[in-house]
2 protein chains.
Amino acid sequence: MNVTVADRSALMEQETRLNESPSAVPGTQRPGGRTAKVRRAVLDATEEALAAGGFHTLNMDQVAAAAGVGKTTVYRRWGSPVGLVTDLLRDMAEQSAPAADTGGLAGDLRANATLVRETLTDPRMGAVFRAVIAAAACDEECARALGGFYRARLAEWAPVAVRAEARGELPAGTDPLELLRAVSAPLYHRFALTHEELTAADAERAVTAALAAAAAGAYTA
Amino acid sequence: MNVTVADRSALMEQETRLNESPSAVPGTQRPGGRTAKVRRAVLDATEEALAAGGFHTLNMDQVAAAAGVGKTTVYRRWGSPVGLVTDLLRDMAEQSAPAADTGGLAGDLRANATLVRETLTDPRMGAVFRAVIAAAACDEECARALGGFYRARLAEWAPVAVRAEARGELPAGTDPLELLRAVSAPLYHRFALTHEELTAADAERAVTAALAAAAAGAYTA
(Lines give C-alpha, C1' and ligand atoms only; values in the text may rest on other atoms or scores of the structure.)
Protein backbone atom coordinates (compact mmCIF):
# COMPACT_ATOMS: atom_id res chain seq x y z
CA MET A 1 0.00 0.00 0.00
CA ASN A 2 3.07 2.25 -0.22
CA VAL A 3 2.63 4.54 -3.20
CA THR A 4 5.54 6.65 -4.35
CA VAL A 5 5.27 10.16 -5.74
CA ALA A 6 6.00 8.72 -9.17
CA ASP A 7 3.19 6.17 -8.81
CA ARG A 8 0.81 8.93 -7.84
CA SER A 9 1.77 11.07 -10.80
CA ALA A 10 1.09 8.15 -13.09
CA LEU A 11 -2.24 7.50 -11.45
CA MET A 12 -3.19 11.13 -11.81
CA GLU A 13 -2.88 10.78 -15.58
CA GLN A 14 -5.74 8.32 -15.57
CA GLU A 15 -9.28 9.44 -16.12
CA THR A 16 -11.71 9.10 -13.27
CA ARG A 17 -14.77 7.14 -14.26
CA LEU A 18 -17.18 9.64 -12.74
CA ASN A 19 -15.11 12.40 -14.36
CA GLU A 20 -15.76 15.02 -11.68
CA SER A 21 -13.91 18.33 -11.59
CA PRO A 22 -10.30 17.72 -10.51
CA SER A 23 -9.73 21.21 -9.10
CA ALA A 24 -12.90 22.02 -7.23
CA VAL A 25 -12.83 25.29 -5.34
CA PRO A 26 -14.55 24.80 -1.95
CA GLY A 27 -18.14 25.96 -2.20
CA THR A 28 -18.38 25.61 -5.97
CA GLN A 29 -19.82 22.08 -5.79
CA ARG A 30 -23.56 21.69 -5.48
CA PRO A 31 -24.64 19.64 -2.46
CA GLY A 32 -25.66 16.29 -3.86
CA GLY A 33 -23.53 16.97 -6.94
CA ARG A 34 -20.79 14.78 -8.38
CA THR A 35 -18.34 15.46 -5.59
CA ALA A 36 -20.86 14.38 -2.98
CA LYS A 37 -21.77 11.29 -5.03
CA VAL A 38 -18.13 10.29 -5.38
CA ARG A 39 -17.56 10.75 -1.65
CA ARG A 40 -20.67 8.71 -0.83
CA ALA A 41 -19.60 5.87 -3.13
CA VAL A 42 -16.04 5.85 -1.78
CA LEU A 43 -17.08 5.97 1.88
CA ASP A 44 -19.67 3.23 1.35
CA ALA A 45 -16.98 1.08 -0.31
CA THR A 46 -14.57 1.87 2.53
CA GLU A 47 -17.10 0.79 5.16
CA GLU A 48 -17.85 -2.37 3.17
CA ALA A 49 -14.13 -3.19 2.96
CA LEU A 50 -13.62 -2.59 6.70
CA ALA A 51 -16.60 -4.82 7.47
CA ALA A 52 -15.18 -7.56 5.26
CA GLY A 53 -11.49 -7.46 6.12
CA GLY A 54 -10.64 -4.91 8.80
CA PHE A 55 -8.30 -1.94 8.64
CA HIS A 56 -5.10 -3.86 7.93
CA THR A 57 -6.44 -5.14 4.60
CA LEU A 58 -7.97 -1.83 3.46
CA ASN A 59 -6.72 -1.27 -0.09
CA MET A 60 -7.11 2.02 -1.98
CA ASP A 61 -7.29 0.35 -5.41
CA GLN A 62 -9.97 -2.08 -4.29
CA VAL A 63 -12.00 0.72 -2.71
CA ALA A 64 -11.76 2.72 -5.95
CA ALA A 65 -12.87 -0.30 -7.99
CA ALA A 66 -15.75 -1.13 -5.66
CA ALA A 67 -16.90 2.49 -5.65
CA GLY A 68 -16.67 2.76 -9.44
CA VAL A 69 -14.36 5.74 -9.03
CA GLY A 70 -10.96 6.25 -10.66
CA LYS A 71 -7.90 5.43 -8.57
CA THR A 72 -6.55 8.90 -9.32
CA THR A 73 -9.43 10.49 -7.50
CA VAL A 74 -9.17 8.22 -4.50
CA TYR A 75 -5.40 8.69 -4.09
CA ARG A 76 -5.60 12.43 -4.71
CA ARG A 77 -8.50 13.12 -2.41
CA TRP A 78 -7.96 10.63 0.44
CA GLY A 79 -4.22 9.98 0.16
CA SER A 80 -4.02 6.76 2.16
CA PRO A 81 -6.13 4.04 3.80
CA VAL A 82 -6.08 5.96 7.07
CA GLY A 83 -7.32 9.02 5.16
CA LEU A 84 -10.33 7.00 3.99
CA VAL A 85 -11.12 5.90 7.56
CA THR A 86 -10.70 9.46 8.85
CA ASP A 87 -13.24 10.77 6.33
CA LEU A 88 -15.59 7.85 7.03
CA LEU A 89 -15.51 8.79 10.73
CA ARG A 90 -16.26 12.45 9.91
CA ASP A 91 -19.21 11.27 7.84
CA MET A 92 -20.41 8.96 10.63
CA ALA A 93 -20.15 11.88 13.10
CA GLU A 94 -22.43 13.97 10.88
CA GLN A 95 -25.08 11.28 10.62
CA SER A 96 -27.89 11.74 13.10
CA ALA A 97 -28.85 9.00 15.56
CA PRO A 98 -31.40 10.66 17.81
CA ALA A 99 -31.52 9.70 21.47
CA ALA A 100 -34.33 7.69 23.03
CA ASP A 101 -37.08 9.43 24.98
CA THR A 102 -38.88 6.80 27.02
CA GLY A 103 -40.08 9.24 29.66
CA GLY A 104 -37.65 8.01 32.32
CA LEU A 105 -33.88 8.02 32.84
CA ALA A 106 -33.54 4.27 33.39
CA GLY A 107 -35.45 3.51 30.20
CA ASP A 108 -33.39 6.01 28.19
CA LEU A 109 -30.05 4.68 29.47
CA ARG A 110 -31.25 1.12 28.83
CA ALA A 111 -32.03 2.12 25.23
CA ASN A 112 -28.52 3.58 24.94
CA ALA A 113 -26.84 0.47 26.35
CA THR A 114 -28.91 -1.74 24.04
CA LEU A 115 -27.94 0.37 21.03
CA VAL A 116 -24.24 0.13 21.91
CA ARG A 117 -24.50 -3.63 22.49
CA GLU A 118 -26.44 -4.27 19.28
CA THR A 119 -23.97 -2.20 17.27
CA LEU A 120 -20.88 -3.91 18.66
CA THR A 121 -22.31 -7.43 18.42
CA ASP A 122 -23.59 -6.91 14.88
CA PRO A 123 -21.10 -8.80 12.67
CA ARG A 124 -20.86 -5.99 10.12
CA MET A 125 -20.82 -2.99 12.44
CA GLY A 126 -18.68 -4.77 15.05
CA ALA A 127 -16.02 -5.31 12.39
CA VAL A 128 -16.28 -1.68 11.25
CA PHE A 129 -15.84 -0.42 14.81
CA ARG A 130 -12.85 -2.68 15.41
CA ALA A 131 -11.33 -1.32 12.21
CA VAL A 132 -11.85 2.38 13.01
CA ILE A 133 -10.43 1.89 16.52
CA ALA A 134 -7.36 0.24 14.98
CA ALA A 135 -6.96 3.01 12.41
CA ALA A 136 -7.27 5.69 15.11
CA ALA A 137 -4.53 3.98 17.12
CA CYS A 138 -2.23 4.36 14.09
CA ASP A 139 -2.78 7.99 13.13
CA GLU A 140 -3.28 11.22 15.06
CA GLU A 141 -5.70 12.84 12.61
CA CYS A 142 -7.79 9.67 12.47
CA ALA A 143 -7.75 9.60 16.29
CA ARG A 144 -9.19 13.12 16.33
CA ALA A 145 -11.92 12.03 13.90
CA LEU A 146 -12.78 9.01 16.07
CA GLY A 147 -12.90 11.28 19.13
CA GLY A 148 -15.16 13.67 17.21
CA PHE A 149 -17.49 10.81 16.31
CA TYR A 150 -17.81 9.59 19.91
CA ARG A 151 -18.20 13.10 21.32
CA ALA A 152 -20.95 13.73 18.74
CA ARG A 153 -22.74 10.55 19.82
CA LEU A 154 -22.42 11.38 23.53
CA ALA A 155 -23.66 14.95 22.87
CA GLU A 156 -26.63 13.61 20.90
CA TRP A 157 -27.70 11.63 23.95
CA ALA A 158 -27.04 14.48 26.42
CA PRO A 159 -30.72 15.62 26.38
CA VAL A 160 -31.55 12.34 28.15
CA ALA A 161 -29.65 13.61 31.21
CA VAL A 162 -30.90 17.19 30.88
CA ARG A 163 -34.54 16.00 30.86
CA ALA A 164 -33.89 13.62 33.77
CA GLU A 165 -32.36 16.41 35.83
CA ALA A 166 -35.42 18.60 35.09
CA ARG A 167 -37.67 15.72 36.27
CA GLY A 168 -35.64 15.48 39.49
CA GLU A 169 -34.19 12.09 38.55
CA LEU A 170 -30.58 13.30 38.73
CA PRO A 171 -28.62 15.54 41.13
CA ALA A 172 -28.30 19.14 39.94
CA GLY A 173 -25.17 19.69 37.85
CA THR A 174 -24.81 16.12 36.59
CA ASP A 175 -22.43 16.04 33.59
CA PRO A 176 -24.47 14.40 30.79
CA LEU A 177 -21.41 13.23 28.87
CA GLU A 178 -19.85 11.50 31.90
CA LEU A 179 -23.16 9.77 32.65
CA LEU A 180 -23.46 8.51 29.06
CA ARG A 181 -19.78 7.52 29.01
CA ALA A 182 -20.38 5.42 32.14
CA VAL A 183 -23.01 3.40 30.25
CA SER A 184 -20.91 2.59 27.21
CA ALA A 185 -17.38 2.41 28.71
CA PRO A 186 -17.71 -1.07 30.31
CA LEU A 187 -19.23 -2.40 27.08
CA TYR A 188 -16.37 -1.04 24.98
CA HIS A 189 -13.90 -2.39 27.57
CA ARG A 190 -15.20 -5.89 26.79
CA PHE A 191 -15.32 -5.24 23.06
CA ALA A 192 -11.90 -3.64 22.51
CA LEU A 193 -9.76 -4.81 25.43
CA THR A 194 -10.80 -8.08 27.06
CA HIS A 195 -12.56 -9.30 23.88
CA GLU A 196 -15.29 -10.94 25.93
CA GLU A 197 -18.86 -11.67 24.94
CA LEU A 198 -21.25 -8.75 25.27
CA THR A 199 -24.53 -9.97 26.78
CA ALA A 200 -27.82 -8.29 27.71
CA ALA A 201 -26.77 -8.78 31.37
CA ASP A 202 -23.60 -6.75 30.71
CA ALA A 203 -25.68 -3.92 29.21
CA GLU A 204 -28.09 -4.02 32.15
CA ARG A 205 -25.21 -3.98 34.68
CA ALA A 206 -23.73 -0.90 32.99
CA VAL A 207 -27.09 0.90 33.30
CA THR A 208 -27.60 -0.10 36.95
CA ALA A 209 -24.09 1.04 37.84
CA ALA A 210 -24.40 4.36 35.98
CA LEU A 211 -27.74 5.12 37.65
CA ALA A 212 -26.36 4.36 41.14
CA ALA A 213 -23.18 6.39 40.56
CA ALA A 214 -25.19 9.32 39.16
CA ALA A 215 -27.61 9.25 42.11
CA ALA A 216 -24.61 9.40 44.46
CA GLY A 217 -23.36 12.53 42.67
CA ALA A 218 -20.33 10.92 41.00
CA TYR A 219 -20.96 12.83 37.76
CA THR A 220 -21.66 16.31 39.17
CA ALA A 221 -19.05 18.81 38.07
CA MET B 1 6.12 -6.27 5.38
CA ASN B 2 4.81 -8.98 3.03
CA VAL B 3 7.31 -11.81 2.90
CA THR B 4 6.86 -14.58 0.36
CA VAL B 5 7.69 -18.22 0.93
CA ALA B 6 10.75 -17.77 -1.32
CA ASP B 7 11.92 -14.81 0.77
CA ARG B 8 11.56 -16.85 3.92
CA SER B 9 13.54 -19.76 2.51
CA ALA B 10 16.35 -17.37 1.62
CA LEU B 11 16.25 -15.84 5.06
CA MET B 12 16.39 -19.25 6.67
CA GLU B 13 19.73 -19.86 4.97
CA GLN B 14 21.24 -17.05 6.96
CA GLU B 15 22.97 -17.65 10.23
CA THR B 16 21.39 -16.27 13.32
CA ARG B 17 23.75 -14.09 15.30
CA LEU B 18 22.95 -15.75 18.61
CA ASN B 19 23.27 -19.10 16.81
CA GLU B 20 20.63 -20.90 18.89
CA SER B 21 19.37 -24.37 17.97
CA PRO B 22 17.05 -24.10 14.96
CA SER B 23 15.05 -27.21 15.78
CA ALA B 24 14.61 -27.09 19.52
CA VAL B 25 12.40 -29.83 20.96
CA PRO B 26 10.08 -28.31 23.58
CA GLY B 27 11.53 -28.88 27.01
CA THR B 28 15.09 -29.30 25.84
CA GLN B 29 15.92 -25.64 26.41
CA ARG B 30 17.06 -24.55 29.84
CA PRO B 31 15.02 -21.75 31.37
CA GLY B 32 17.16 -18.65 31.00
CA GLY B 33 19.03 -20.38 28.18
CA ARG B 34 19.55 -19.14 24.64
CA THR B 35 15.90 -19.50 23.61
CA ALA B 36 14.77 -17.39 26.55
CA LYS B 37 17.47 -14.80 25.87
CA VAL B 38 16.49 -14.54 22.20
CA ARG B 39 12.82 -14.16 23.14
CA ARG B 40 13.67 -11.48 25.72
CA ALA B 41 15.79 -9.52 23.22
CA VAL B 42 13.14 -9.76 20.48
CA LEU B 43 10.24 -8.78 22.77
CA ASP B 44 12.22 -5.85 24.22
CA ALA B 45 12.99 -4.68 20.68
CA THR B 46 9.34 -5.11 19.72
CA GLU B 47 8.17 -3.01 22.65
CA GLU B 48 10.77 -0.36 21.83
CA ALA B 49 9.61 -0.26 18.20
CA LEU B 50 5.95 0.03 19.22
CA ALA B 51 6.81 2.85 21.62
CA ALA B 52 8.69 4.67 18.87
CA GLY B 53 6.42 4.18 15.87
CA GLY B 54 3.24 2.28 16.68
CA PHE B 55 1.93 -0.98 15.26
CA HIS B 56 1.63 0.12 11.64
CA THR B 57 5.39 0.75 11.35
CA LEU B 58 6.48 -2.45 13.16
CA ASN B 59 9.08 -4.09 10.92
CA MET B 60 10.40 -7.64 11.41
CA ASP B 61 13.84 -6.88 9.95
CA GLN B 62 14.31 -3.83 12.17
CA VAL B 63 13.23 -5.77 15.25
CA ALA B 64 15.72 -8.53 14.40
CA ALA B 65 18.51 -5.98 13.91
CA ALA B 66 17.70 -4.11 17.12
CA ALA B 67 17.54 -7.38 19.06
CA GLY B 68 20.81 -8.61 17.61
CA VAL B 69 19.02 -11.75 16.40
CA GLY B 70 19.04 -13.20 12.90
CA LYS B 71 16.08 -12.43 10.66
CA THR B 72 15.64 -16.15 10.05
CA THR B 73 14.89 -16.73 13.70
CA VAL B 74 12.45 -13.85 13.95
CA TYR B 75 10.50 -14.84 10.81
CA ARG B 76 10.50 -18.52 11.70
CA ARG B 77 9.47 -18.12 15.32
CA TRP B 78 7.11 -15.11 15.21
CA GLY B 79 5.99 -15.18 11.58
CA SER B 80 4.63 -11.63 11.30
CA PRO B 81 4.46 -8.27 13.08
CA VAL B 82 1.16 -9.29 14.68
CA GLY B 83 2.89 -12.48 15.89
CA LEU B 84 5.47 -10.34 17.68
CA VAL B 85 2.74 -8.27 19.38
CA THR B 86 0.83 -11.41 20.36
CA ASP B 87 3.90 -12.87 22.08
CA LEU B 88 4.70 -9.51 23.73
CA LEU B 89 1.17 -9.50 25.18
CA ARG B 90 1.60 -13.06 26.48
CA ASP B 91 4.84 -11.97 28.11
CA MET B 92 3.18 -8.88 29.60
CA ALA B 93 0.37 -11.07 30.98
CA GLU B 94 2.96 -13.25 32.77
CA GLN B 95 4.68 -10.30 34.42
CA SER B 96 3.45 -9.67 37.92
CA ALA B 97 2.07 -6.29 38.97
CA PRO B 98 0.80 -6.89 42.48
CA ALA B 99 -2.29 -5.02 43.66
CA ALA B 100 -2.22 -2.26 46.23
CA ASP B 101 -3.19 -2.98 49.85
CA THR B 102 -3.86 0.38 51.52
CA GLY B 103 -6.18 -1.09 54.16
CA GLY B 104 -9.33 0.33 52.59
CA LEU B 105 -11.31 -0.18 49.38
CA ALA B 106 -11.31 3.50 48.34
CA GLY B 107 -7.53 3.72 48.73
CA ASP B 108 -6.97 0.50 46.80
CA LEU B 109 -9.24 1.54 43.92
CA ARG B 110 -7.59 4.97 43.85
CA ALA B 111 -4.21 3.24 43.55
CA ASN B 112 -5.59 1.20 40.64
CA ALA B 113 -7.00 4.25 38.85
CA THR B 114 -3.72 6.11 39.36
CA LEU B 115 -1.75 3.17 37.95
CA VAL B 116 -3.99 3.02 34.85
CA ARG B 117 -3.78 6.78 34.34
CA GLU B 118 -0.01 6.92 34.82
CA THR B 119 0.47 4.03 32.40
CA LEU B 120 -1.73 5.49 29.67
CA THR B 121 -0.35 9.04 29.99
CA ASP B 122 3.27 7.86 30.03
CA PRO B 123 4.58 8.73 26.53
CA ARG B 124 6.30 5.35 26.13
CA MET B 125 3.68 3.05 27.65
CA GLY B 126 0.78 5.05 26.19
CA ALA B 127 2.22 4.46 22.72
CA VAL B 128 2.74 0.76 23.46
CA PHE B 129 -0.86 0.36 24.62
CA ARG B 130 -2.23 2.19 21.57
CA ALA B 131 -0.16 -0.18 19.42
CA VAL B 132 -1.30 -3.41 21.09
CA ILE B 133 -4.95 -2.30 20.94
CA ALA B 134 -4.49 -1.61 17.21
CA ALA B 135 -2.82 -4.98 16.64
CA ALA B 136 -5.57 -6.79 18.54
CA ALA B 137 -8.20 -5.13 16.34
CA CYS B 138 -6.44 -6.63 13.30
CA ASP B 139 -5.97 -10.26 14.37
CA GLU B 140 -8.04 -12.76 16.32
CA GLU B 141 -5.13 -14.52 18.04
CA CYS B 142 -3.65 -11.19 19.09
CA ALA B 143 -7.08 -10.15 20.37
CA ARG B 144 -7.14 -13.27 22.55
CA ALA B 145 -3.67 -12.39 23.88
CA LEU B 146 -4.78 -8.82 24.67
CA GLY B 147 -7.87 -10.19 26.43
CA GLY B 148 -5.64 -12.57 28.39
CA PHE B 149 -3.41 -9.69 29.46
CA TYR B 150 -6.33 -7.58 30.71
CA ARG B 151 -8.03 -10.49 32.44
CA ALA B 152 -4.71 -11.31 34.18
CA ARG B 153 -4.43 -7.68 35.38
CA LEU B 154 -8.06 -7.62 36.60
CA ALA B 155 -7.56 -10.96 38.37
CA GLU B 156 -4.37 -9.71 40.02
CA TRP B 157 -6.38 -6.88 41.60
CA ALA B 158 -9.33 -9.09 42.56
CA PRO B 159 -8.02 -9.56 46.16
CA VAL B 160 -8.75 -5.85 46.71
CA ALA B 161 -12.47 -6.62 46.40
CA VAL B 162 -12.26 -9.90 48.30
CA ARG B 163 -10.60 -8.18 51.27
CA ALA B 164 -13.08 -5.28 51.12
CA GLU B 165 -16.01 -7.69 51.18
CA ALA B 166 -14.47 -9.44 54.22
CA ARG B 167 -14.17 -6.04 55.94
CA GLY B 168 -17.85 -5.33 55.19
CA GLU B 169 -17.02 -2.57 52.69
CA LEU B 170 -18.82 -4.29 49.80
CA PRO B 171 -22.13 -6.14 49.46
CA ALA B 172 -21.78 -9.93 49.66
CA GLY B 173 -21.24 -11.49 46.25
CA THR B 174 -19.67 -8.46 44.58
CA ASP B 175 -17.91 -9.54 41.35
CA PRO B 176 -14.30 -8.33 41.79
CA LEU B 177 -13.60 -8.20 38.06
CA GLU B 178 -16.66 -6.07 37.29
CA LEU B 179 -15.73 -3.67 40.10
CA LEU B 180 -12.15 -3.31 38.78
CA ARG B 181 -13.41 -3.00 35.20
CA ALA B 182 -15.63 -0.11 36.32
CA VAL B 183 -12.56 1.78 37.51
CA SER B 184 -10.51 1.42 34.34
CA ALA B 185 -13.25 1.40 31.65
CA PRO B 186 -13.98 5.18 31.64
CA LEU B 187 -10.23 5.88 31.55
CA TYR B 188 -9.72 3.59 28.56
CA HIS B 189 -12.81 5.12 26.91
CA ARG B 190 -11.01 8.47 26.93
CA PHE B 191 -7.71 6.93 25.89
CA ALA B 192 -8.84 4.71 23.01
CA LEU B 193 -12.14 6.19 21.83
CA THR B 194 -12.64 9.89 22.51
CA HIS B 195 -8.87 10.55 22.68
CA GLU B 196 -9.34 13.09 25.45
CA GLU B 197 -6.91 14.13 28.12
CA LEU B 198 -6.74 11.83 31.15
CA THR B 199 -6.58 13.91 34.33
CA ALA B 200 -6.39 13.11 38.03
CA ALA B 201 -10.01 14.30 38.24
CA ASP B 202 -11.03 11.67 35.67
CA ALA B 203 -9.33 8.95 37.71
CA GLU B 204 -11.01 10.17 40.90
CA ARG B 205 -14.44 10.28 39.21
CA ALA B 206 -14.00 6.69 38.06
CA VAL B 207 -13.24 5.59 41.64
CA THR B 208 -16.16 7.55 43.15
CA ALA B 209 -18.56 6.11 40.57
CA ALA B 210 -17.32 2.53 41.03
CA LEU B 211 -17.62 2.77 44.82
CA ALA B 212 -21.18 4.14 44.60
CA ALA B 213 -22.27 1.53 42.07
CA ALA B 214 -20.70 -1.28 44.11
CA ALA B 215 -22.38 -0.06 47.31
CA ALA B 216 -25.73 -0.13 45.49
CA GLY B 217 -25.12 -3.77 44.51
CA ALA B 218 -24.57 -3.15 40.79
CA TYR B 219 -21.73 -5.71 40.68
CA THR B 220 -23.28 -8.53 42.70
CA ALA B 221 -23.76 -11.62 40.57
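Two decimals is fine: what is log10 I(q)/I(0) at q = 0.11, 0.12, 0.16, 0.22 Å⁻¹ for the range A:91-219, from a Debye sum with one equal scatterer on every Cα and no solvent?
For the requested q values the scattering log ratios are -0.38, -0.46, -0.81, -1.37.
Kindly give the distances from A:Ala106 to its copy-mates, label point to label point, with each label point 7 Å from Cα along Cα→Cβ, as nm values to one decimal ordered shortest first.
Ordered by distance, the counterparts are at 2.8 nm.
In nm to one decimal, list the spacings between the A:Ala155 label point and its equivalents in the other copies, with label points set 7 Å along Cα to Cβ, shortest first.
4.3
If I compute solvent accessible area with a 1.4 Å probe over the protein chains, what percent of it on chain A is carbon and sulfur? Mind dumping the intermediate values first?
On the way: 5300 of 9950 Å².
Ligands and nucleic acids excluded, carbon and sulfur reach 53 percent.
With axes computed from alpha carbons, what is the tilt in degrees of helix B:34-53 against the longest principal axis of chain B, rounded to the nearest 10 within 0 to 90?
It is inclined by approximately 70 degrees.
Rounded to the nearest whole Å², what accessible area per residue is found for the range A:120-221 with the 1.4 Å probe? Working shown, then result.
Values: 3570 Å² over 102 residues.
Counting only protein heavy atoms, the per-residue value for the range A:120-221 is 35 Å².
Suppose each label sits 7 Å from its Cα in the direction of the beta carbon; what would the A:Ala52-B:Ala221 distance come out to in nanometres?
4.5 nm
Measure nothing fancy, just the Cα-based angle from helix B:176-188's long axis to the longest principal axis of chain B, in degrees from 0 to 90, nearest 10.
Approximately 70 degrees, to the nearest ten.
Just to confirm my numbers, what's the Cα centroid distance between the range A:68-85 and the range A:122-160 in Å?
So the two Cα centres are separated by 20 Å.
Residues of the range B:197-213 with accessible area at least 50 Å² lower in the all-protein-chain context than alone (1.4 Å probe)?
B:Arg205
Identify all lysines with a Cα-Cα distance to B:Lys71 below 22 Å; exclude those on the same chain that are fewer than 8 residues away in sequence.
B:Lys71 reaches B:Lys37.
Compute the angle between helix B:140-166 and the longest alpha-carbon principal axis of chain B, please, reported from 0 to 90 degrees and rounded to the nearest 10.
Long axis of B:140-166 versus the principal axis of chain B: about 30 degrees.
Dividing the convex hull volume of the alpha carbon atoms of chain B by its residue count, what do you get in Å³ per residue?
On the way: hull volume 31.1 nm³, N = 221.
Expressed per residue, the convex hull around the Cα atoms of chain B is 141 Å³.
Going toward the positive end of the dipole of the range B:112-179, with +1 on Lys and Arg Cβ and -1 on Asp and Glu Cβ, which of B:Ile133, B:Val160, B:Thr121 do you reach last?
B:Thr121
To the nearest 20 debye, what is the magnitude of the charge dipole of the range B:111-166 about its Cα centre, counting +1 on the Cβ of each Lys and Arg and -1 on the Cβ of each Asp and Glu? Don't jump to the answer; show the numbers that get you there.
Numbers: 7 positive and 7 negative charges, 28 e Å.
In debye, rounded to 20, the range B:111-166 gives about 140.
What's the buried accessible area, both sides, between B and A using a 1.4 Å probe, rounded to 100 Å²?
On the way: alone 11480 and 11490 Å², together 19890 Å².
So the total buried area for this chain pair works out to about 3100 Å².
Which of the three applies to the range B:153-221, rounded, prolate or oblate, going by the alpha-carbon gyration tensor with a ≥ b ≥ c and a/c under 1.5 meaning rounded?
Values: a/c = 2.37, a/b = 1.99, b/c = 1.19.
Taking the square roots of the gyration eigenvalues as a ≥ b ≥ c, the range B:153-221 is prolate.
Taking Cα pairs under 8 Å and at least six residues apart, what relative contact order does chain B come out at, in percent? Kindly include the intermediate steps, with their values, before the conclusion.
On the way: 254 pairs, mean separation 43.0, N = 221.
Result for chain B is 19 percent.
Mind listing the long-range amide H neighbours of B:Thr220? Cut-off is under 5 Å, sequence gap 5 or more, other chains count too, H placed in the peptide plane at 1.01 Å from N.
So B:Thr220 has HN proximity to B:Asp175.
Return the long-range amide H neighbours of A:Ala100 (sequence gap of 5 or more, or a different chain), with a cut-off of under 5 Å between placed amide H atoms.
none
Only sites in a loop by DSSP and with at most 16 other Cβ atoms within 10 Å count here; which GluC sites (Glu not before Pro) in the range A:156-221 make the cut? Numbers along the way, then the final one.
Numbers: sites: A:Glu156, A:Glu165, A:Glu169, A:Glu178, A:Glu196, A:Glu197, A:Glu204; in loops: A:Glu169, A:Glu196, A:Glu197.
Those satisfying the criteria are A:Glu196, A:Glu197.
With +1 assigned to the C-beta of every Lys and Arg and -1 to the C-beta of every Asp and Glu, and no other charges, what is the dipole magnitude of chain B about the Cα centre in debye, to the nearest 20?
Values: 23 positive and 27 negative charges, 93 e Å.
It works out to roughly 440 debye.
If you take the charge dipole of chain A about its Cα centre, with +1 on Lys and Arg Cβ and -1 on Asp and Glu Cβ, which of A:Cys142, A:Leu180, A:Ala66 is farthest toward its positive end?
A:Ala66
For chain B, what does the helix formula give at 222 nm: sum of -39500 (n - 2.57) over DSSP H segments with n ≥ 4, over the residue count, nearest 500 deg cm²/dmol? Walk me through the numbers on the way to the answer.
Details: 10 runs with 148 residues, N = 221.
About -22000 deg cm²/dmol.
For the range A:121-138, which residues drop by 50 square angstrom or more in accessible area between the chain on its own and all protein chains together (1.4 Å probe)?
A:Ala137, A:Cys138
Rounded to a whole number of µm²/s, how large is the Stokes-Einstein D of the protein assembly as shown at 37 °C and 0.692 mPa s, given Rh as the Kirkwood radius over C-alpha pairs?
Calculated translational D: 138 µm²/s.
When Lys and Arg each count +1 and Asp and Glu each count -1, what net charge do the other residues less than 10 Å away from B:Arg124, Cβ to Cβ, add up to? Mind dumping the intermediate values first?
Values: positive: none; negative: B:Glu47, B:Glu48, B:Asp122.
With Lys, Arg at +1 and Asp, Glu at -1, the neighbours total -3.
B:Asp44 label points, 7 Å along Cα→Cβ, one per copy: pairwise distances from this copy to the rest in nm, shortest first?
Label-point distances to the other copies, shortest first: 5.4 nm.
Do you know the relative contact order of the range B:28-144, to the nearest whole percent, from alpha carbon pairs under 8 angstrom that are 6+ apart? List each step's numbers first, then the result.
Values: 93 pairs, mean separation 35.7, N = 117.
Relative contact order for the range B:28-144 comes out at 30 percent.
Please compute the modelled spin-label separation between B:Arg76 and B:Ala97, points set 7 Å along Cα→Cβ, answer in nm with one decimal.
So the label points at B:Ala97 and B:Arg76 sit 3.4 nm apart.
The values are calculated or read from the model by the stated rules, or taken from the named source; none is laboratory data. Remember, it's a predicted structure, so these values are computed and weren't measured experimentally. Every residue, glycine among them, receives a Cβ derived from its backbone with ideal geometry; neighbour counts consider all protein chains shown. Ligands, DNA and RNA are stripped out before the accessible areas are found, and what is left, the full protein with its side chains, is counted by its heavy atoms. Shrake-Rupley method; radii C 1.70, N 1.55, O 1.52, S 1.80 Å.
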